[in-house]
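As structure tokens, the structure follows; a few thoughts come after it.
The values are calculated or read from the model by the stated rules, or taken from the named source; none is laboratory data. Treat the numbers as computed from the prediction; the structure is a model and nothing was measured. Positions of Cβ are generated from backbone atoms using ideal geometry, with glycine treated the same way; all protein chains shown enter the neighbour counts.
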């Protein structure tokens, strides 16, 4: 009986030893699994960080593009206002005082469009900064503003020439 107990004890001890080996083996295996999971999580975290940075950069571009579009719309409103002022205030003078009054009106108009010119220049600079966005919308808006601005400037120059010609006419008449 004692040999069985001893044998049993040996077996139990052996069982404990094997069980301990299994626990140690399982512990090593668990440790490896945990390390593997931590590595996997870290790898996923790095990928998510990269995706998040990419998305954030894209969102910042979209925000910059939206601000550009808002600024461009404001400049277009100012250009439209200038066009309306130009169209509404021009008449054919019947005398030198009327021609001189038109000249003064035109000088005030020039001051107004010079402010718009500063905004057009800022808009062009901003557009150049945003070229990396590669947006068709940006290019179209920049072209629209440039075309409308050039037309306004051309009309203003033509008006100035007409006003000056009328002053010259009435001075020599």
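Of the set (1) over 27 Å from the mean Cα position of the chain (by Cα); (2) at pLDDT 90 or above; (3) part of a helix (DSSP H, G or I); (4) over 20 Å from residue 153 (Cβ atoms), all apply to residue 64 but (1).
Inspect region 52-60 for any residue being under 30 Å from residue 168 (Cα atoms), at pLDDT below 95, out of contact with any helix residue (DSSP H, G or I) (no Cβ under 7 Å at 6 or more places or on another chain) and surrounded by 10 or more Cβ atoms within 10 Å (Cβ to Cβ) and give the result as yes or no. Reasoning before the result, please.
As a first pass, look at region 52-60 and keep what is under 30 Å from residue 168 (Cα atoms): none.
The answer is no, given that none of the residues of region 52-60 is under 30 Å from residue 168 (Cα atoms), at pLDDT below 95, out of contact with any helix residue (DSSP H, G or I) (no Cβ under 7 Å at 6 or more places or on another chain) and surrounded by 10 or more Cβ atoms within 10 Å (Cβ to Cβ).
When 113, 41, 79 are checked against the criterion of being under 27 Å from residue 139 (Cα atoms) and over 25 Å from the mean Cα position of the chain (by Cα), a single residue qualifies: 113. Checked against the criterion of being in contact with a helix residue (DSSP H, G or I) (Cβ under 9 Å, 6 or more places away or on another chain), within 30 Å of residue 60 (Cβ to Cβ) and part of a helix (DSSP H, G or I), the candidates 142, 98, 125 yield just one match: 142. For region 49-63, the count of residues that are under 30 Å from residue 113 (Cβ atoms) and touching a residue at least 40 places away in the same chain (Cβ under 8 Å) is zero.
Would you check which residues across region 92-104 are farther than 13 Å from residue 164 by Cβ and buried (at least 16 other Cβ atoms within 10 Å of the Cβ) and list them? Correct list: empty.
Residue 132 meets all of the listed conditions (1) touching a residue at least 60 places away in the same chain (Cβ under 8 Å); (2) in a helix (DSSP H, G or I); (3) surrounded by 12 or more Cβ atoms within 10 Å (Cβ to Cβ) but one, namely (3).
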